[in-house]
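For reference, the structure discussed in these notes is given below.
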Amino acid sequence: MTDTAETRNPAANPEPGDIETVKTLNAAYKKMTDQIGQAVVGQDKVIEQVLIAIFCRGHALLVGVPGLAKTLLVSTLSRVMHLSFKRVQFTPDLMPSDITGTDVLEEDRTTGRRVFRFVHGPIFANMLLADEINRTPPKTQASLLEAMQERIVTVGEKDYPLPDPFFVLATQNPIEQEGTYPLPEAQLDRFMFMIKVDYPSPDEEIRIMKQVSGTYEAKLEAVLSGADILNLQRIVRRVPAADHVFQYARDLARATRADQPEAPAFVRELVQWGAGPRASIYLMLAAKARAILHGRYHATTEDVREIAVPVMRHRIVPTFNAEAAGITTDQIVTRLLDEIHPAAGQSMT
């Protein structure tokens, strides 16, 4: 007999209003992917993961070589969602005030007195693209990451709240390491997802060549407003999940910790530090968002499996032996998914 979320969790029967919202989001998701597909060829998984992060009120780090349309994807998303968008190209000489803004001394023409006026930086937007975040020094990285966490900017004695919704989509080039400042693990942990952007398929590359070298111009329409996104972020947290789904997310996160009895033998050999509690929290949030994006009213263990790699790949620190053998965190998480299964007798759907 299969246990479902409805039979195990009395809260799994959604309210009528939530049902309509889920239907609306599912329709909007299909329309958004169609709209984005006019400008960005392929990258379906990347688009889905970015949207999941947005609907979970999280931030995402996109990792990929130059020329894979990471910037185009983010700017297209802002247009499809009718949000304010700013892009900052991170460089070694970028200062924190270049992002957050600063006080400027001005003279009041009526009184002749000099007063300070705050000039807002590019971070005051609904969607901020932090391009090549690893190219700027730790001081500037820290100012951005603090604002991401607190959602305010502090200048002097004043706090300036950031717009709502607010999310950061940062990019990182995995090839060039000279002259870069890699994000420490504690700062990487602030990102809900690390999303890897891969090369296009042969057919997709032909489509890209024809589209970019011709006269084609995408005609995009806004699908969701900022208010819609805020409402959907609240709905995501109300999506029910059965107890065994929570247990499965917990077991996956705890299995990455080499000093825990739950850790498999290969983890003790290959992992120096495992994922913290943020991993299990984000596994559940992302599973809930993925469920409603696909038109379902409760999260399942399959949803957890589908988003486990982007949630945990940057939260695991491999040992020297693992790095010497060329074993990546993606391979470690994939092996965990093969070995860690939901509680016996529970459904994967």
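Summary of computed values
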{"read-out": "Chymotrypsin sites (Phe, Trp or Tyr not before Pro) restricted to DSSP loop in region 225-310 with at most 16 other C-beta within 10 Å", "value": "none"}
{"read-out": "Taking the convex hull of Cα positions in region 29-151, its mean projected area over all directions (nm²)", "value": "9.8"}
{"read-out": "Links that overshoot a 25 Å alpha carbon limit, given the list Lys70/Lys219; Lys45/Lys219; Lys86/Lys139; Lys23/Lys70", "value": "Lys23/Lys70"}
{"read-out": "Summed residue charge, Cβ within 11 Å of Gly276's Cβ, Lys/Arg positive, Asp/Glu negative", "value": "+2"}
{"read-out": "Given 15 as the ceiling on other Cβ atoms within 10 Å, longest exposed-site-free region of the chain for GluC sites (Glu not before Pro) in DSSP loops", "value": "1-156"}
{"read-out": "All aspartates and glutamates inside 17 Å of Lys31 as judged from Cα atoms, apart from same-chain residues fewer than 8 positions distant", "value": "Glu20, Asp44, Glu48, Glu221, Asp228"}
{"read-out": "Nearest-0.05 FRET efficiency for Ile281 and Asn321, computed from C-beta distance (R0 30 Å)", "value": "0.50"}
{"read-out": "Coordinate range along principal axes, alpha carbons of region 163-220, Å, largest first", "value": "44, 35, 20"}
{"read-out": "DSSP bridge orientation in the chain - percent antiparallel, rounded to nearest 5", "value": "40"}
{"read-out": "Angstrom value of the Kirkwood radius, inverse mean 1/r, which spans all Cα pairs in region 224-349", "value": "15.2"}
{"read-out": "Computed helical MRE - 222 nm, the chain, DSSP H runs ≥ 4 contributing -39500 (n - 2.57), nearest 500", "value": "-14000 deg cm²/dmol"}
{"read-out": "Where N is the number of residues in region 5-339, Cα Rg divided by 2.2 N^0.38 Å", "value": "1.07"}
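Read-outs throughout are calculated quantities, based only on the coordinates presented, and are distinct from any laboratory measurement. This one's a predicted model, so the numbers in the text were calculated from it and none came from an experiment. Glycine also receives a Cβ, built like all others from the backbone with ideal geometry; neighbour counts cover every protein chain displayed.
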